[in-house]
Amino acid sequence: MKKETILPETRDTAFRDLILKTPVGEKIPTCMQCGICAGSCPVSHEMDYTPRQLVRMVQLGLKHEVLNSNTIWICTTCFSCSVRCPRGIRPTELMETLKPIAIAEGIKNKNSKFDNIFSDVVKKNGRASEFLLISKYSLSEPGMIKQAPFGLSLMSRGKLPLMPDKMEDVRELDAIFKTGEEKQEKKPESGTKENAETKAEAGEKNEGKAADTGGEAEK
Amino acid sequence: MKYSYYPGCAQHGTAIDYRMSVEAVFRRLGIELEEVKNWNCCGALHVPDRNVRAALSSRTLASAKGLDIATPCNLCYSNLMRANTALEDATLKNMINGKLTNKYDGNTKPKHLLEVIVKDYGLAKLAENVKKPLKIKAVPYYGCLLTRPENKFDSPENPKSLDNLIFTLGAEPVKYYYKTKCCGGPVLITNEDLALSLAKDLLGMAKESGADCMVVTCPMCHLQLDAKQKAVESKYNIKFDMPIIYFTQLIGLAMGMSPKELGLDKHLVPTDKLVARIGR
Ligand code: SF4
Ligand code: SF4
(Lines give C-alpha, C1' and ligand atoms only; values in the text may rest on other atoms or scores of the structure.)
(Ligands and ions follow the chains in the order given, each with its own letter.)
Protein backbone atom coordinates (compact mmCIF):
# COMPACT_ATOMS: atom_id res chain seq x y z
CA MET A 1 0.00 0.00 0.00
CA LYS A 2 1.40 3.36 -1.05
CA LYS A 3 1.59 5.95 1.70
CA GLU A 4 0.06 9.33 0.98
CA THR A 5 -0.26 12.41 3.07
CA ILE A 6 -3.78 13.17 4.17
CA LEU A 7 -4.53 16.72 3.15
CA PRO A 8 -6.75 18.79 5.44
CA GLU A 9 -9.35 19.25 2.70
CA THR A 10 -9.91 15.50 2.32
CA ARG A 11 -11.12 15.34 5.91
CA ASP A 12 -14.81 15.67 6.54
CA THR A 13 -15.11 17.06 10.04
CA ALA A 14 -18.90 17.14 9.90
CA PHE A 15 -18.89 13.39 9.36
CA ARG A 16 -16.43 12.91 12.19
CA ASP A 17 -18.49 15.05 14.54
CA LEU A 18 -21.66 13.22 13.59
CA ILE A 19 -20.12 9.90 14.60
CA LEU A 20 -18.52 11.29 17.75
CA LYS A 21 -21.95 12.42 18.94
CA THR A 22 -23.48 8.93 18.74
CA PRO A 23 -23.41 6.69 21.84
CA VAL A 24 -20.48 4.69 20.47
CA GLY A 25 -18.61 7.80 19.34
CA GLU A 26 -17.99 9.25 22.75
CA LYS A 27 -14.93 7.10 23.40
CA ILE A 28 -13.54 7.03 19.87
CA PRO A 29 -11.13 9.93 20.47
CA THR A 30 -9.45 7.83 23.19
CA CYS A 31 -8.36 5.07 20.80
CA MET A 32 -4.62 4.48 21.20
CA GLN A 33 -4.22 2.33 18.08
CA CYS A 34 -3.10 -0.68 20.12
CA GLY A 35 -4.59 -3.07 17.57
CA ILE A 36 -6.17 -5.46 20.08
CA CYS A 37 -9.43 -5.16 18.16
CA ALA A 38 -7.80 -6.07 14.86
CA GLY A 39 -5.89 -8.92 16.48
CA SER A 40 -9.10 -10.31 17.99
CA CYS A 41 -11.13 -10.01 14.82
CA PRO A 42 -11.78 -13.35 13.08
CA VAL A 43 -12.33 -11.69 9.71
CA SER A 44 -9.94 -8.71 9.62
CA HIS A 45 -7.91 -10.42 6.88
CA GLU A 46 -10.86 -9.95 4.52
CA MET A 47 -11.41 -6.30 5.37
CA ASP A 48 -10.28 -3.27 3.36
CA TYR A 49 -9.36 -1.70 6.70
CA THR A 50 -9.07 -3.46 10.03
CA PRO A 51 -11.25 -2.27 12.92
CA ARG A 52 -8.23 -0.39 14.32
CA GLN A 53 -7.72 1.43 11.04
CA LEU A 54 -11.40 2.22 10.74
CA VAL A 55 -11.45 3.84 14.18
CA ARG A 56 -8.50 6.01 13.19
CA MET A 57 -10.14 6.92 9.92
CA VAL A 58 -13.24 8.04 11.76
CA GLN A 59 -11.07 10.19 14.02
CA LEU A 60 -9.63 11.77 10.89
CA GLY A 61 -13.01 12.18 9.22
CA LEU A 62 -12.22 10.10 6.14
CA LYS A 63 -15.85 9.73 5.29
CA HIS A 64 -15.55 8.48 1.76
CA GLU A 65 -13.07 5.70 2.58
CA VAL A 66 -14.95 4.66 5.69
CA LEU A 67 -18.38 4.45 4.08
CA ASN A 68 -17.10 2.76 0.94
CA SER A 69 -14.96 0.16 2.71
CA ASN A 70 -16.13 -3.44 2.92
CA THR A 71 -15.13 -3.45 6.60
CA ILE A 72 -18.53 -2.49 7.98
CA TRP A 73 -20.19 -5.28 5.96
CA ILE A 74 -17.60 -8.01 6.49
CA CYS A 75 -17.88 -7.59 10.27
CA THR A 76 -19.88 -10.52 11.67
CA THR A 77 -20.90 -8.60 14.80
CA CYS A 78 -19.09 -11.12 16.99
CA PHE A 79 -18.08 -8.50 19.59
CA SER A 80 -14.62 -10.02 20.18
CA CYS A 81 -13.03 -6.62 19.59
CA SER A 82 -15.51 -4.84 21.82
CA VAL A 83 -15.06 -6.95 24.95
CA ARG A 84 -11.29 -6.60 24.70
CA CYS A 85 -10.72 -2.97 23.80
CA PRO A 86 -8.74 -1.44 26.69
CA ARG A 87 -10.41 1.91 26.06
CA GLY A 88 -13.94 0.56 26.22
CA ILE A 89 -14.57 1.43 22.59
CA ARG A 90 -17.00 -0.90 20.84
CA PRO A 91 -15.81 -1.17 17.23
CA THR A 92 -18.75 -3.53 16.61
CA GLU A 93 -21.17 -0.76 17.44
CA LEU A 94 -19.19 1.64 15.31
CA MET A 95 -19.85 -0.68 12.35
CA GLU A 96 -23.51 -0.82 13.32
CA THR A 97 -23.68 2.96 13.52
CA LEU A 98 -22.03 3.33 10.13
CA LYS A 99 -24.35 0.89 8.32
CA PRO A 100 -27.50 3.04 8.22
CA ILE A 101 -25.37 6.06 7.31
CA ALA A 102 -23.79 4.18 4.42
CA ILE A 103 -27.23 3.04 3.28
CA ALA A 104 -28.56 6.59 3.49
CA GLU A 105 -25.61 7.71 1.37
CA GLY A 106 -26.70 5.32 -1.32
CA ILE A 107 -24.08 2.58 -0.79
CA LYS A 108 -25.36 -0.66 -2.28
CA ASN A 109 -23.88 -4.14 -2.02
CA LYS A 110 -24.97 -7.71 -1.36
CA ASN A 111 -25.18 -7.10 2.37
CA SER A 112 -27.21 -3.93 2.20
CA LYS A 113 -29.50 -5.71 -0.23
CA PHE A 114 -29.98 -8.66 2.11
CA ASP A 115 -30.50 -6.37 5.11
CA ASN A 116 -33.09 -4.50 3.13
CA ILE A 117 -34.97 -7.68 2.23
CA PHE A 118 -34.74 -8.88 5.83
CA SER A 119 -36.14 -5.60 7.16
CA ASP A 120 -38.98 -5.66 4.62
CA VAL A 121 -39.97 -9.20 5.54
CA VAL A 122 -39.94 -8.41 9.25
CA LYS A 123 -41.88 -5.18 8.77
CA LYS A 124 -44.52 -6.98 6.76
CA ASN A 125 -44.84 -10.31 8.59
CA GLY A 126 -43.30 -9.55 11.96
CA ARG A 127 -41.16 -12.65 11.67
CA ALA A 128 -38.26 -13.74 9.49
CA SER A 129 -39.17 -16.76 7.40
CA GLU A 130 -35.96 -18.29 6.08
CA PHE A 131 -37.69 -19.48 2.92
CA LEU A 132 -39.02 -16.04 2.12
CA LEU A 133 -35.64 -14.42 2.79
CA ILE A 134 -33.69 -16.82 0.64
CA SER A 135 -36.15 -16.81 -2.24
CA LYS A 136 -36.43 -13.02 -2.32
CA TYR A 137 -32.68 -12.60 -2.14
CA SER A 138 -32.13 -15.21 -4.85
CA LEU A 139 -34.33 -13.30 -7.27
CA SER A 140 -31.76 -10.52 -7.37
CA GLU A 141 -28.64 -12.66 -6.95
CA PRO A 142 -28.48 -15.19 -9.77
CA GLY A 143 -25.48 -16.88 -8.11
CA MET A 144 -27.82 -18.15 -5.42
CA ILE A 145 -29.14 -20.80 -7.78
CA LYS A 146 -26.29 -23.04 -6.71
CA GLN A 147 -27.81 -23.02 -3.22
CA ALA A 148 -30.89 -24.84 -4.49
CA PRO A 149 -29.68 -28.31 -3.40
CA PHE A 150 -28.97 -26.88 0.05
CA GLY A 151 -32.50 -25.53 0.24
CA LEU A 152 -33.89 -28.88 -0.84
CA SER A 153 -31.88 -30.74 1.78
CA LEU A 154 -33.33 -28.47 4.47
CA MET A 155 -36.82 -29.04 3.08
CA SER A 156 -36.37 -32.78 3.15
CA ARG A 157 -35.93 -32.49 6.92
CA GLY A 158 -38.92 -30.19 7.38
CA LYS A 159 -36.60 -27.29 8.15
CA LEU A 160 -37.74 -24.85 5.49
CA PRO A 161 -41.52 -24.44 5.71
CA LEU A 162 -42.92 -22.74 2.63
CA MET A 163 -45.71 -21.02 4.53
CA PRO A 164 -44.11 -17.99 6.18
CA ASP A 165 -44.62 -17.69 9.91
CA LYS A 166 -46.49 -14.47 10.70
CA MET A 167 -47.55 -12.40 13.68
CA GLU A 168 -51.28 -12.26 14.22
CA ASP A 169 -51.11 -8.48 14.29
CA VAL A 170 -48.31 -6.38 12.80
CA ARG A 171 -49.85 -2.93 13.35
CA GLU A 172 -47.15 -1.65 15.70
CA LEU A 173 -44.26 -2.49 13.41
CA ASP A 174 -44.48 0.43 10.98
CA ALA A 175 -43.98 2.88 13.82
CA ILE A 176 -41.18 0.77 15.31
CA PHE A 177 -39.28 0.80 12.04
CA LYS A 178 -39.33 4.59 12.06
CA THR A 179 -37.33 4.71 15.33
CA GLY A 180 -34.01 5.01 13.57
CA GLU A 181 -34.89 7.96 11.37
CA GLU A 182 -36.29 10.00 14.22
CA LYS A 183 -33.30 9.47 16.44
CA GLN A 184 -31.17 10.98 13.71
CA GLU A 185 -33.50 13.86 12.98
CA LYS A 186 -33.25 14.83 16.63
CA LYS A 187 -29.53 15.45 16.32
CA PRO A 188 -28.47 19.10 16.49
CA GLU A 189 -26.92 21.02 13.59
CA SER A 190 -24.05 18.84 12.41
CA GLY A 191 -26.70 16.41 11.14
CA THR A 192 -27.10 14.60 7.89
CA LYS A 193 -28.25 17.41 5.65
CA GLU A 194 -25.21 19.61 5.87
CA ASN A 195 -23.18 16.48 5.63
CA ALA A 196 -24.72 15.37 2.39
CA GLU A 197 -23.64 18.62 0.79
CA THR A 198 -20.01 18.37 1.80
CA LYS A 199 -20.05 14.76 0.73
CA ALA A 200 -19.85 15.23 -3.01
CA GLU A 201 -16.84 17.48 -2.67
CA ALA A 202 -14.95 15.53 -0.08
CA GLY A 203 -15.82 12.29 -1.83
CA GLU A 204 -14.27 13.42 -5.08
CA LYS A 205 -11.12 14.70 -3.51
CA ASN A 206 -10.72 11.49 -1.60
CA GLU A 207 -11.00 9.41 -4.72
CA GLY A 208 -8.14 7.06 -5.14
CA LYS A 209 -6.23 8.25 -2.13
CA ALA A 210 -5.08 5.58 0.22
CA ALA A 211 -5.55 6.54 3.82
CA ASP A 212 -2.33 6.83 5.69
CA THR A 213 -3.39 4.88 8.72
CA GLY A 214 -0.17 3.01 9.01
CA GLY A 215 -1.74 -0.29 8.10
CA GLU A 216 1.17 -1.93 6.30
CA ALA A 217 2.26 -3.99 9.23
CA GLU A 218 -1.12 -5.62 9.36
CA LYS A 219 -2.06 -5.99 5.74
CA MET B 1 -40.55 -22.48 37.78
CA LYS B 2 -42.18 -20.37 35.13
CA TYR B 3 -40.81 -18.12 32.41
CA SER B 4 -42.19 -16.00 29.70
CA TYR B 5 -40.88 -17.62 26.52
CA TYR B 6 -39.57 -15.95 23.40
CA PRO B 7 -38.78 -18.70 20.84
CA GLY B 8 -37.45 -16.52 18.01
CA CYS B 9 -38.05 -17.09 14.31
CA ALA B 10 -35.65 -19.99 13.77
CA GLN B 11 -37.69 -22.25 16.07
CA HIS B 12 -40.45 -22.10 13.49
CA GLY B 13 -38.09 -22.94 10.64
CA THR B 14 -34.59 -24.38 10.46
CA ALA B 15 -34.42 -25.11 14.19
CA ILE B 16 -37.43 -27.41 14.41
CA ASP B 17 -35.16 -30.02 16.04
CA TYR B 18 -34.14 -27.52 18.72
CA ARG B 19 -37.79 -26.70 19.33
CA MET B 20 -38.75 -30.36 19.72
CA SER B 21 -35.98 -30.97 22.24
CA VAL B 22 -36.73 -27.79 24.22
CA GLU B 23 -40.39 -28.71 24.49
CA ALA B 24 -39.70 -32.32 25.49
CA VAL B 25 -36.94 -31.58 28.01
CA PHE B 26 -38.50 -28.58 29.72
CA ARG B 27 -41.82 -30.39 30.08
CA ARG B 28 -40.05 -33.33 31.69
CA LEU B 29 -38.08 -31.08 34.05
CA GLY B 30 -41.25 -29.24 35.02
CA ILE B 31 -40.05 -25.83 33.86
CA GLU B 32 -42.95 -23.92 32.39
CA LEU B 33 -42.34 -21.80 29.30
CA GLU B 34 -45.27 -19.57 28.46
CA GLU B 35 -44.92 -18.29 24.91
CA VAL B 36 -45.21 -14.52 24.47
CA LYS B 37 -48.38 -13.75 22.53
CA ASN B 38 -47.97 -12.20 19.08
CA TRP B 39 -44.17 -11.96 19.44
CA ASN B 40 -42.05 -10.26 16.78
CA CYS B 41 -38.62 -10.93 15.29
CA CYS B 42 -35.71 -9.35 17.21
CA GLY B 43 -34.18 -8.11 13.95
CA ALA B 44 -31.27 -10.57 14.29
CA LEU B 45 -28.16 -8.87 12.93
CA HIS B 46 -29.87 -7.85 9.72
CA VAL B 47 -32.16 -5.00 10.61
CA PRO B 48 -29.26 -2.61 10.21
CA ASP B 49 -30.41 0.17 12.52
CA ARG B 50 -29.66 -0.63 16.12
CA ASN B 51 -32.33 1.71 17.45
CA VAL B 52 -34.95 -0.17 15.47
CA ARG B 53 -33.62 -3.40 16.92
CA ALA B 54 -33.82 -1.93 20.42
CA ALA B 55 -37.45 -1.03 19.71
CA LEU B 56 -38.26 -4.51 18.37
CA SER B 57 -36.81 -6.12 21.49
CA SER B 58 -38.46 -3.62 23.81
CA ARG B 59 -41.82 -4.66 22.46
CA THR B 60 -40.99 -8.26 23.33
CA LEU B 61 -39.61 -7.42 26.77
CA ALA B 62 -42.72 -5.39 27.55
CA SER B 63 -44.92 -8.45 27.13
CA ALA B 64 -43.18 -10.59 29.76
CA LYS B 65 -45.87 -9.93 32.39
CA GLY B 66 -43.46 -9.61 35.29
CA LEU B 67 -41.68 -12.89 34.57
CA ASP B 68 -38.11 -13.36 33.36
CA ILE B 69 -38.08 -13.91 29.62
CA ALA B 70 -36.30 -17.03 28.39
CA THR B 71 -35.03 -17.57 24.86
CA PRO B 72 -33.22 -20.45 23.10
CA CYS B 73 -31.33 -18.28 20.59
CA ASN B 74 -28.03 -16.47 21.08
CA LEU B 75 -29.01 -13.70 18.68
CA CYS B 76 -32.38 -13.06 20.31
CA TYR B 77 -30.71 -13.19 23.71
CA SER B 78 -28.10 -10.61 22.81
CA ASN B 79 -30.65 -8.30 21.21
CA LEU B 80 -32.84 -8.46 24.30
CA MET B 81 -29.86 -7.80 26.58
CA ARG B 82 -28.65 -4.95 24.41
CA ALA B 83 -32.09 -3.36 24.30
CA ASN B 84 -32.02 -3.12 28.09
CA THR B 85 -28.65 -1.40 27.94
CA ALA B 86 -29.73 0.92 25.12
CA LEU B 87 -32.82 1.97 27.06
CA GLU B 88 -30.67 3.38 29.84
CA ASP B 89 -30.64 6.37 27.46
CA ALA B 90 -33.82 8.15 28.54
CA THR B 91 -34.36 9.91 25.20
CA LEU B 92 -34.31 6.64 23.31
CA LYS B 93 -36.51 4.98 25.91
CA ASN B 94 -39.15 7.71 25.61
CA MET B 95 -39.04 7.61 21.87
CA ILE B 96 -39.44 3.84 21.77
CA ASN B 97 -42.23 3.87 24.32
CA GLY B 98 -43.98 6.45 22.17
CA LYS B 99 -44.41 3.71 19.58
CA LEU B 100 -45.41 0.81 21.80
CA THR B 101 -48.99 0.07 22.83
CA ASN B 102 -47.62 -1.84 25.77
CA LYS B 103 -45.01 0.45 27.40
CA TYR B 104 -41.71 -1.01 28.56
CA ASP B 105 -40.26 -0.02 31.95
CA GLY B 106 -36.80 -1.47 31.23
CA ASN B 107 -36.98 -4.07 34.00
CA THR B 108 -37.55 -7.44 32.30
CA LYS B 109 -34.63 -9.81 32.68
CA PRO B 110 -33.76 -11.87 29.59
CA LYS B 111 -32.26 -15.33 30.13
CA HIS B 112 -30.85 -17.80 27.67
CA LEU B 113 -32.24 -21.31 28.18
CA LEU B 114 -28.74 -22.48 29.08
CA GLU B 115 -28.73 -20.02 31.96
CA VAL B 116 -32.19 -21.23 33.00
CA ILE B 117 -30.90 -24.81 33.23
CA VAL B 118 -27.44 -24.20 34.65
CA LYS B 119 -28.19 -21.36 37.09
CA ASP B 120 -31.89 -21.35 37.91
CA TYR B 121 -32.78 -25.03 37.74
CA GLY B 122 -29.28 -26.01 38.83
CA LEU B 123 -26.87 -28.71 37.76
CA ALA B 124 -27.21 -30.64 41.03
CA LYS B 125 -30.91 -31.06 40.42
CA LEU B 126 -30.32 -31.87 36.77
CA ALA B 127 -27.90 -34.61 37.79
CA GLU B 128 -30.77 -36.36 39.58
CA ASN B 129 -32.56 -36.62 36.24
CA VAL B 130 -29.66 -38.27 34.42
CA LYS B 131 -30.64 -41.86 33.67
CA LYS B 132 -27.97 -42.59 31.14
CA PRO B 133 -24.56 -40.99 31.71
CA LEU B 134 -23.38 -40.21 28.20
CA LYS B 135 -19.76 -41.38 28.30
CA ILE B 136 -18.80 -39.44 25.19
CA LYS B 137 -16.45 -36.56 24.47
CA ALA B 138 -18.12 -33.33 23.50
CA VAL B 139 -16.99 -29.88 22.35
CA PRO B 140 -18.58 -27.08 24.37
CA TYR B 141 -19.18 -24.44 21.69
CA TYR B 142 -20.76 -21.21 22.96
CA GLY B 143 -20.56 -19.00 19.88
CA CYS B 144 -20.33 -15.23 20.02
CA LEU B 145 -23.45 -13.70 21.36
CA LEU B 146 -24.22 -15.86 24.37
CA THR B 147 -21.47 -14.21 26.38
CA ARG B 148 -20.84 -11.02 24.40
CA PRO B 149 -21.24 -8.13 24.69
CA GLU B 150 -23.40 -8.01 27.83
CA ASN B 151 -21.59 -10.76 29.68
CA LYS B 152 -23.70 -10.99 32.80
CA PHE B 153 -24.02 -14.74 32.76
CA ASP B 154 -20.68 -16.28 31.82
CA SER B 155 -17.17 -15.16 30.88
CA PRO B 156 -16.74 -13.83 27.32
CA GLU B 157 -13.21 -15.23 27.14
CA ASN B 158 -13.45 -18.61 28.80
CA PRO B 159 -17.02 -19.51 29.65
CA LYS B 160 -17.64 -22.65 31.71
CA SER B 161 -21.39 -23.17 31.99
CA LEU B 162 -21.73 -25.49 29.01
CA ASP B 163 -18.58 -27.38 30.04
CA ASN B 164 -20.16 -27.96 33.43
CA LEU B 165 -23.43 -29.04 31.89
CA ILE B 166 -21.68 -31.59 29.64
CA PHE B 167 -19.81 -32.92 32.66
CA THR B 168 -23.03 -33.22 34.65
CA LEU B 169 -24.53 -35.37 31.91
CA GLY B 170 -21.71 -37.87 32.30
CA ALA B 171 -19.78 -36.75 29.22
CA GLU B 172 -16.34 -35.22 28.94
CA PRO B 173 -16.05 -31.61 27.79
CA VAL B 174 -12.91 -31.50 25.65
CA LYS B 175 -10.45 -28.63 25.72
CA TYR B 176 -11.44 -26.38 22.87
CA TYR B 177 -9.75 -23.10 22.12
CA TYR B 178 -12.45 -21.82 19.79
CA LYS B 179 -15.23 -21.90 22.40
CA THR B 180 -16.36 -18.39 21.57
CA LYS B 181 -14.93 -17.89 18.08
CA CYS B 182 -17.39 -16.78 15.43
CA CYS B 183 -19.03 -19.55 13.34
CA GLY B 184 -19.56 -17.27 10.35
CA GLY B 185 -23.35 -17.63 10.37
CA PRO B 186 -24.11 -13.92 10.00
CA VAL B 187 -22.35 -13.73 6.61
CA LEU B 188 -23.50 -17.11 5.31
CA ILE B 189 -25.88 -15.72 2.72
CA THR B 190 -23.82 -12.76 1.56
CA ASN B 191 -20.26 -14.07 1.82
CA GLU B 192 -20.35 -17.83 1.71
CA ASP B 193 -16.62 -18.32 1.16
CA LEU B 194 -15.79 -16.44 4.33
CA ALA B 195 -18.56 -18.20 6.29
CA LEU B 196 -17.35 -21.63 5.20
CA SER B 197 -13.75 -20.86 6.09
CA LEU B 198 -14.76 -19.90 9.64
CA ALA B 199 -16.83 -23.07 9.98
CA LYS B 200 -13.91 -25.11 8.68
CA ASP B 201 -11.67 -23.80 11.47
CA LEU B 202 -14.20 -24.73 14.13
CA LEU B 203 -14.91 -28.18 12.72
CA GLY B 204 -11.21 -28.90 12.18
CA MET B 205 -10.37 -28.01 15.77
CA ALA B 206 -13.29 -30.16 16.97
CA LYS B 207 -12.05 -33.13 14.95
CA GLU B 208 -8.54 -32.64 16.30
CA SER B 209 -9.81 -32.67 19.87
CA GLY B 210 -11.11 -36.21 19.39
CA ALA B 211 -14.68 -35.22 20.25
CA ASP B 212 -17.71 -37.31 19.30
CA CYS B 213 -19.86 -34.24 18.76
CA MET B 214 -20.07 -30.47 19.14
CA VAL B 215 -22.67 -29.04 21.50
CA VAL B 216 -24.28 -25.72 20.51
CA THR B 217 -26.70 -23.24 22.06
CA CYS B 218 -27.82 -21.30 18.99
CA PRO B 219 -29.85 -22.07 15.84
CA MET B 220 -27.50 -20.02 13.68
CA CYS B 221 -24.43 -21.94 14.87
CA HIS B 222 -26.32 -25.16 14.22
CA LEU B 223 -27.25 -24.16 10.69
CA GLN B 224 -23.67 -23.20 9.98
CA LEU B 225 -22.00 -26.27 11.48
CA ASP B 226 -24.61 -28.95 10.78
CA ALA B 227 -26.50 -27.96 7.65
CA LYS B 228 -23.45 -26.40 5.98
CA GLN B 229 -20.96 -29.05 7.08
CA LYS B 230 -21.24 -30.90 3.80
CA ALA B 231 -20.48 -27.72 1.88
CA VAL B 232 -17.39 -27.16 4.01
CA GLU B 233 -16.31 -30.76 3.42
CA SER B 234 -16.58 -30.54 -0.32
CA LYS B 235 -14.99 -27.10 -0.54
CA TYR B 236 -11.91 -28.11 1.45
CA ASN B 237 -11.95 -31.78 0.63
CA ILE B 238 -11.90 -32.85 4.29
CA LYS B 239 -14.23 -35.31 5.98
CA PHE B 240 -15.48 -34.17 9.38
CA ASP B 241 -18.56 -36.28 9.99
CA MET B 242 -19.10 -34.28 13.17
CA PRO B 243 -22.59 -34.40 14.71
CA ILE B 244 -23.76 -31.00 15.98
CA ILE B 245 -26.04 -31.37 18.99
CA TYR B 246 -28.18 -28.76 20.73
CA PHE B 247 -27.51 -28.73 24.48
CA THR B 248 -31.17 -29.53 25.06
CA GLN B 249 -30.84 -32.64 22.88
CA LEU B 250 -27.82 -33.70 24.93
CA ILE B 251 -29.83 -33.30 28.14
CA GLY B 252 -32.68 -35.28 26.61
CA LEU B 253 -30.39 -38.14 25.61
CA ALA B 254 -28.96 -38.30 29.12
CA MET B 255 -32.48 -38.36 30.52
CA GLY B 256 -33.19 -41.39 28.35
CA MET B 257 -35.48 -39.75 25.81
CA SER B 258 -35.70 -41.13 22.30
CA PRO B 259 -33.57 -39.51 19.57
CA LYS B 260 -36.70 -39.06 17.48
CA GLU B 261 -38.52 -37.18 20.20
CA LEU B 262 -35.51 -34.86 20.38
CA GLY B 263 -35.48 -34.21 16.63
CA LEU B 264 -32.09 -35.84 16.06
CA ASP B 265 -33.29 -37.38 12.79
CA LYS B 266 -33.81 -33.90 11.39
CA HIS B 267 -30.11 -33.07 11.36
CA LEU B 268 -28.19 -33.07 8.10
CA VAL B 269 -25.10 -34.67 9.60
CA PRO B 270 -26.20 -38.16 10.68
CA THR B 271 -26.39 -38.70 14.43
CA ASP B 272 -26.91 -42.48 14.46
CA LYS B 273 -23.29 -43.37 15.24
CA LEU B 274 -23.33 -40.98 18.17
CA VAL B 275 -26.62 -42.39 19.41
CA ALA B 276 -25.22 -45.92 19.08
CA ARG B 277 -22.20 -44.93 21.14
CA ILE B 278 -24.43 -43.60 23.85
CA GLY B 279 -26.12 -46.97 23.66
CA ARG B 280 -29.79 -46.93 23.00
S1 SF4 C 1 -8.62 -2.12 20.78
FE2 SF4 C 1 -9.61 -0.13 21.22
S3 SF4 C 1 -7.89 1.28 21.69
FE4 SF4 C 1 -7.01 -0.55 20.69
S5 SF4 C 1 -6.92 0.02 18.50
FE6 SF4 C 1 -8.86 -1.07 18.81
S7 SF4 C 1 -10.35 0.56 19.23
FE8 SF4 C 1 -8.33 1.48 19.50
S1 SF4 D 1 -17.33 -7.54 15.90
FE2 SF4 D 1 -16.71 -7.27 13.78
S3 SF4 D 1 -14.87 -6.01 13.86
FE4 SF4 D 1 -15.22 -6.79 15.93
S5 SF4 D 1 -13.99 -8.65 16.04
FE6 SF4 D 1 -16.03 -9.29 15.40
S7 SF4 D 1 -15.98 -9.30 13.17
FE8 SF4 D 1 -14.20 -8.13 13.86
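Pairs please, first residue from region B:42-58 and more than 7 Å from every other protein chain (Cβ to nearest Cβ), second anywhere and part of a loop (DSSP other than H, G, I, E, B) and not aliphatic (A, V, I, L, M), Cβ atoms under 7 Å, 6+ apart in sequence or on different chains. Every condition considered, the pairs that remain are B:CYS42/B:GLY8; B:ARG53/B:CYS42; B:ARG53/B:GLY43; B:SER57/B:CYS42; B:SER58/B:TYR104. Residues in region A:82-128 that are closer than 16 Å to B:CYS41 by Cα and among the acidic types (Asp, Glu) were compared, and the one that is farthest from the chain's Cα centre (by Cα) is A:ASP120. Residues that are among the charged types (D, E, K, R), within 16 Å of ligand 1 (Cβ to nearest atom) and either more than 13 Å from chain B (Cβ to nearest Cβ) or in a helix (DSSP H, G or I) (or both) are absent from region A:59-79. For A:VAL121, the conditions (1) near ligand 2 (Cβ under 10 Å from one of its atoms); (2) outside the structural domain of A:GLY35 (by TED's automatic domain parsing) all hold with the exception of (1). Taken over region B:138-153, the criterion of being closer than 15 Å to B:TYR176 by Cβ, assigned to a loop (DSSP other than H, G, I, E, B) and more than 9 Å from chain A (Cβ to nearest Cβ) is satisfied by B:TYR141, B:TYR142, B:LEU146. The number of residues in region A:144-155 that are more than 9 Å from chain B (Cβ to nearest Cβ) and not β-branched (Val, Ile, Thr) comes to 6. When each of A:THR30, A:THR50 is tested for being touching a residue at least 40 places away in the same chain (Cβ under 8 Å), assigned by TED's automatic domain parsing to the domain that holds A:CYS78 and either within 16 Å of ligand 2 (Cβ to nearest atom) or within 27 Å of B:PRO186 (Cα to Cα) (or both), the lone residue that passes is A:THR50.
Taking region A:18-31, which residues are under 18 Å from the mean Cα position of the chain (by Cα) and surrounded by 15 or more Cβ atoms within 10 Å (Cβ to Cβ)?
A:LEU18, A:ILE19, A:LEU20, A:THR22, A:PRO23, A:VAL24, A:GLY25, A:ILE28 - these are the residues of region A:18-31 that are under 18 Å from the mean Cα position of the chain (by Cα) and surrounded by 15 or more Cβ atoms within 10 Å (Cβ to Cβ).
Residues in region B:8-38 that are closer than 21 Å to B:LEU100 by Cβ and either in the same structural domain as B:CYS221 (by TED's automatic domain parsing) or buried (at least 24 other Cβ atoms within 10 Å of the Cβ) (or both): B:GLY8, B:CYS9.
Does A:ALA102 count as within 14 Å of ligand 1 (Cβ to nearest atom) and either part of a helix (DSSP H, G or I) or within 10 Å of another protein chain (Cβ to nearest Cβ) (or both)? No; evaluated as a whole, the condition is false for this residue. Scan region A:131-140 residue by residue and report those that are over 15 Å from B:HIS46 (Cβ atoms) and more than 8 Å from chain B (Cβ to nearest Cβ). Hits for region A:131-140 are A:SER135, A:SER138, A:LEU139, A:SER140.
Scan region A:33-47 for residues that are more than 10 Å from ligand 2 (Cβ to nearest atom) and assigned to a loop (DSSP other than H, G, I, E, B) and the total you get is 3.
Starting from residues that are closer than 25 Å to B:THR147 by Cβ and basic (Lys, Arg), keep the ones in region A:74-125 and report whichever is surrounded by the fewest Cβ atoms within 10 Å (Cβ to Cβ). Step by step, filter region A:74-125, then rank; the result is A:ARG87. Of the listed requirements (1) touching a residue at least 12 places away in the same chain (Cβ under 8 Å); (2) crowded, with 23+ Cβ neighbours inside 10 Å, A:ALA128 misses just one: (1).
The set of residues in region A:85-99 that are assigned to a loop (DSSP other than H, G, I, E, B), more than 10 Å from chain B (Cβ to nearest Cβ) and within 12 Å of ligand 2 (Cβ to nearest atom) comprises A:CYS85, A:ILE89.
The values are calculated or read from the model by the stated rules, or taken from the named source; none is laboratory data. Bear in mind the structure is a predicted one, so any value in this text is a computation, not a measurement. With ideal geometry, Cβ positions are generated from the backbone for all residues, glycine too; neighbour counts draw on all protein chains shown.
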